[in-house]
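One structure is given below, encoded as structure tokens.
The values are calculated or read from the model by the stated rules, or taken from the named source; none is laboratory data. Model, not experiment: these values are computed from the prediction. Note that we place each Cβ from the backbone using ideal geometry, even for glycine, and neighbour counts take in every protein chain shown. With ligands, DNA and RNA removed, areas are computed over all heavy atoms of the protein, side chains included. Shrake-Rupley method; radii C 1.70, N 1.55, O 1.52, S 1.80 Å.
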Amino acid sequence: MRTLQNLETKKSGILTVSYKMFFILSMAYLVVPVVVFFFGWLKLHYAIIAALLLGGAFFLSSRDSINDYKGNKLSEITMDIPVAFILVLIVLSLLLTVTFDIGEFVWGTTDHAFRRAIYRDLVDKSWPVVYDLTKQTNPVVNNFLPDVNVGFSYYFAFWMIPALIGKIFGFFIGNISLVLWSALGIFLTMLGMALFIKRASYAVVFSYVFFSGLDIIPYLYFQSVGTKEWMWLEGYTQHIVYISNINDLLNVFNQCIPCWLIVILLMLSRNNRSVGLIGALTFAYSPWATIGMVPIAVYMLFKKDYEGCNNKLLLKNVFSLTNIVPAVVMLLIFAPFYMANSNATSISGSTLSFYGSVPAFLGGYLFTILVELVPIGILLFKDYRKSILFWVTMGTLLVMPFYKISGQNDLTMRGSMPEFFVLTVMLASVISNYIFKNKNSKAPRTSVQSLTMIGAVILLIAMSMVALQMLLIVVTSTFDGSERHNEDIYSLEDIRDEEYLDLIDEQFFVYDYEDTFFFKYLARK
């Protein structure tokens, strides 16, 4: 049996984790909520067909996960991991989940007002969710909204399992389930990172939480000279916004947790026959992240360094059932569901048109690249300069800012999540390998090596300042009595604070929903 890494000789306190076991657990984590969505939202016959097709693809991919291109079983990849490391990851996953305000136990950003209301409605209301706008008790909201029923459209698959538990056992148990479900996703992702870098290193935790650009530098500069009203910590350019891991977790955990797990599964793939299934699942969790996932999935489909690969088998397996069928199923169901409400993408176009001039656009673009991509490029270049995935990732991030979708630009903020997490995993690998090599090296460092190390450490500290600042804000705001926004909305059917009204009306409500393709032909009545 071939192993990725034997950290210690076999003895008690060591847990052997196999790639196949990780693959099955992670895929089940991603597939089961989607199947619950099918049965909660679709007409029964469509739900059964979609579930059978997706479930069948899951079964075939699990059986096929360690086969080579001729269908022969490859030697299983395993990794011996200290139980203590596993326990630390479990504890940290739970701690991080609560810190990111999942479950609403600490202070959270205003985005959590939306997340809390959505989750409450998924628990309390019948599926598919339809809102009776006559039930709005806030007079301002009631006067603004028409007295009609509206459908609900959003990417909420991540909440399906906890919401189902909440329906059965009550909102409190459902809320605890949400915490545990989120922690499980974080744990599986960090475990997958350890499998990828072939070492049980806490570099995976550091990189997962603290990965960012050098946003702290422009932030401090603009704070010193006076900020513009639209500016925030990572919003130093108005129309091009790249986001750190921690801000994704603090604001859109429902999108980034499953997205990052999908990235890990793609990076660990041993053949290309299930890339379509893995990548297509992104569409259920985040249509924005799907845009960024496409270049990565396409590369994984056609890369040639799989064991036993040759060009003829590579192309043949591109068109496997597990590549084609799940992608078609996800597209046919979720595309009509999201398109039922097109208001969320009403602001879109060339980023140049939003800046108004070529110099203004180039200034914002080059500034963004300098702050967000150059630092991580410096840290990774030596180890990954020959990696095609690295260049696909960087190339995608260089192109993405040329187009804007939504006011804050969800294309760059959320569409870039897969690419930045590829870089996150690579950074964990570089840090882990450096620590391991220097720990076991007896040769003294040269002055150049020492200066390089010092420079890298300073760069990492500067990159981590965004996360440190956000964690500090969460902790201090939790304990100093700062106003919490978690319950500002409460329910989209009874909006407490009218300040959120425009966004809710634009992003979540489907007017004349019974005339849309999804609700007319696919949805349960």
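Determine whether segment 390-410 contains at least one residue that is crowded, with 23+ Cβ neighbours inside 10 Å and touching a strand residue (DSSP E or B) at 6+ places or on another chain (Cβ under 8 Å). Yes.
Go through segment 98-153 and give me each residue that's of a type in the set (Val, Ile, Thr) and within 20 Å of Ser482 (Cα to Cα). Give the derivation first.
Keep residues of segment 98-153 that are of a type in the set (Val, Ile, Thr), which gives 98-99, 102, 106, 109-110, 118, 123, 129-130, 134, 137, 140-141, 148, 150.
The answer is Val98, Thr99, Ile102, Val106, Thr109, Thr110.
Exactly one residue out of Ile81, Ile66, Ile14, Ile77 is open to solvent by less than 10 Å² (accessible area, probe 1.4 Å), among the β-branched types (Val, Ile, Thr), modelled with pLDDT under 90 and under 24 Å from Phe196 (Cβ atoms): that is Ile66.
Restricting to segment 17-57, name every residue that is open to solvent by 40 Å² or more (accessible area, probe 1.4 Å) and over 23 Å from Gly166 (Cα atoms). Outline the logic, then answer.
Just the residues of segment 17-57 that are open to solvent by 40 Å² or more (accessible area, probe 1.4 Å), to begin with: 20-21, 24-25, 32, 39, 43-46, 48-49, 52-53.
Lys20, Met21, Ile24, His45, Tyr46, Ile48, Ile49, Leu52, Leu53, listed by residue number.
Of the residues contained in segment 298-306, none is found to be in contact with a helix residue (DSSP H, G or I) (Cβ under 7 Å, 6 or more places away or on another chain), at pLDDT 90 or above, within 30 Å of Leu471 (Cβ to Cβ) and surrounded by 22 or more Cβ atoms within 10 Å (Cβ to Cβ).
Given segment 152-240, what helices (runs of 4 or more DSSP H) lie entirely inside it while holding 2 or more residues that are of a type in the set (A, V, I, L, M, F, W, C), over 16 Å from the mean Cα position of the chain (by Cα) and closer than 20 Å to Cys256 by Cβ? Step through it out loud before you land on a result.
Values: elements: 160-169, 171-197, 203-210, 216-225.
It comes to 160-169, 171-197, 203-210.
Of all residues in segment 314-338, exactly one satisfies the criterion of being touching an Asp or Glu at 6+ places or on another chain (Cβ under 9 Å) and either under 30 Å from Trp127 (Cβ atoms) or among the hydrophobic types (A, V, I, L, M, F, W, C) (or both), namely Thr322.
When Asp383, Asp410 are screened for being within 28 Å of Tyr511 (Cα to Cα) and either of a type in the set (D, E, K, R) or in contact with a Cys (Cβ under 6 Å, 6 or more places away or on another chain) (or both), only Asp410 passes.
Which one is surrounded by the fewest Cβ atoms within 10 Å (Cβ to Cβ), of the residues in segment 489-506 that are β-branched (Val, Ile, Thr) and under 27 Å from the mean Cα position of the chain (by Cα)?
Taking segment 489-506 and keeping what is β-branched (Val, Ile, Thr), we get 489, 495, 504.
Applying the additional criterion that residues be under 27 Å from the mean Cα position of the chain (by Cα) yields 489, 504.
On the way: Ile489: 26, Ile504: 19.
Across segment 489-506, the extreme among qualifying residues is Ile504.
Is it the case that Asn323 is within 27 Å of Gly55 (Cα to Cα), surrounded by 15 or more Cβ atoms within 10 Å (Cβ to Cβ) and under 23 Å from the mean Cα position of the chain (by Cα)? Criteria met by Asn323.
Each residue in segment 190-214 was checked for being in contact with a Leu (Cβ under 8 Å, 6 or more places away or on another chain), open to solvent by less than 20 Å² (accessible area, probe 1.4 Å) and not hydrophobic (A, V, I, L, M, F, W, C), and 3 of them qualify.
Restricting attention to segment 442-468, the residues being open to solvent by less than 60 Å² (accessible area, probe 1.4 Å) and modelled with pLDDT under 90 number 4.
Please work out which residue is farthest from Ala117 (Cα to Cα), limiting yourself to segment 508-525 and to residues that are part of a loop (DSSP other than H, G, I, E, B) and of a type in the set (Ser, Thr, Tyr).
Looking only at segment 508-525, we keep the residues that are part of a loop (DSSP other than H, G, I, E, B), and these are 508, 511-512, 516, 524-525.
Checking the rest, the ones that are also of a type in the set (Ser, Thr, Tyr) come to 511, 516.
Values: Tyr511: 19, Thr516: 24 Å.
So, considering only residues that are part of a loop (DSSP other than H, G, I, E, B) and of a type in the set (Ser, Thr, Tyr), the one farthest from Ala117 (Cα to Cα) is Thr516.
Checking each residue in segment 339-364 for being part of a helix (DSSP H, G or I) and either at pLDDT 95 or above or of a type in the set (A, V, I, L, M, F, W, C) (or both) picks out Met339, Ala344, Leu352, Phe354, Val358, Ala360, Phe361, Leu362.
Screening the candidates Phe509, Phe420 for the property of being touching a residue at least 12 places away in the same chain (Cβ under 8 Å), touching an Asp or Glu at 6+ places or on another chain (Cβ under 9 Å) and open to solvent by less than 20 Å² (accessible area, probe 1.4 Å) yields one hit, Phe420. Val204 falls short on exactly one of the conditions (1) touching a residue at least 24 places away in the same chain (Cβ under 8 Å); (2) over 20 Å from Asn247 (Cα atoms); (3) of a type outside the set (D, E, K, R), and that condition is (2).
You will find that of Thr137, Thr109, the residue that is open to solvent by less than 40 Å² (accessible area, probe 1.4 Å), modelled with pLDDT under 95, within 21 Å of Glu506 (Cα to Cα) and assigned to a loop (DSSP other than H, G, I, E, B) is Thr109 and no other.
If you check Ile176, Ile197, Ile217, which single one turns out to be β-branched (Val, Ile, Thr) and modelled with pLDDT of 95 or more? Walk me through how you get there before you give the answer.
Values: Ile197 fails: modelled with pLDDT of 95 or more; Ile217 fails: modelled with pLDDT of 95 or more.
Selected residue: Ile176, the only one of Ile176, Ile197, Ile217 that is β-branched (Val, Ile, Thr) and modelled with pLDDT of 95 or more.
Here are some conditions: (1) touching a residue at least 40 places away in the same chain (Cβ under 8 Å); (2) open to solvent by less than 70 Å² (accessible area, probe 1.4 Å); (3) closer than 27 Å to Leu397 by Cβ; (4) in a helix (DSSP H, G or I). Leu331 meets all but one. Which one does it not meet? Among (1) touching a residue at least 40 places away in the same chain (Cβ under 8 Å); (2) open to solvent by less than 70 Å² (accessible area, probe 1.4 Å); (3) closer than 27 Å to Leu397 by Cβ; (4) in a helix (DSSP H, G or I), the lone unmet condition for Leu331 is (2). Condition first: more than 23 Å from Val399 (Cα to Cα) and crowded, with 22+ Cβ neighbours inside 10 Å. Can you find one or more residues in segment 232-249 that meet it? Yes, segment 232-249 has at least one match.
So which residues in segment 369-405 are polar (S, T, N, Q) and touching a Pro at 6+ places or on another chain (Cβ under 6 Å), if there are any at all?
We begin by selecting, within segment 369-405, every residue polar (S, T, N, Q); these are 387, 393, 396.
Scanning segment 369-405 gives a single hit, Thr396.
Val130 meets all of the listed conditions (1) in contact with a strand residue (DSSP E or B) (Cβ under 8 Å, 6 or more places away or on another chain); (2) at pLDDT below 95 but one, namely (2).
Consider segment 423-441. How many of its residues are at pLDDT below 85 and open to solvent by less than 40 Å² (accessible area, probe 1.4 Å)? Of the residues in segment 423-441, 0 are at pLDDT below 85 and open to solvent by less than 40 Å² (accessible area, probe 1.4 Å).
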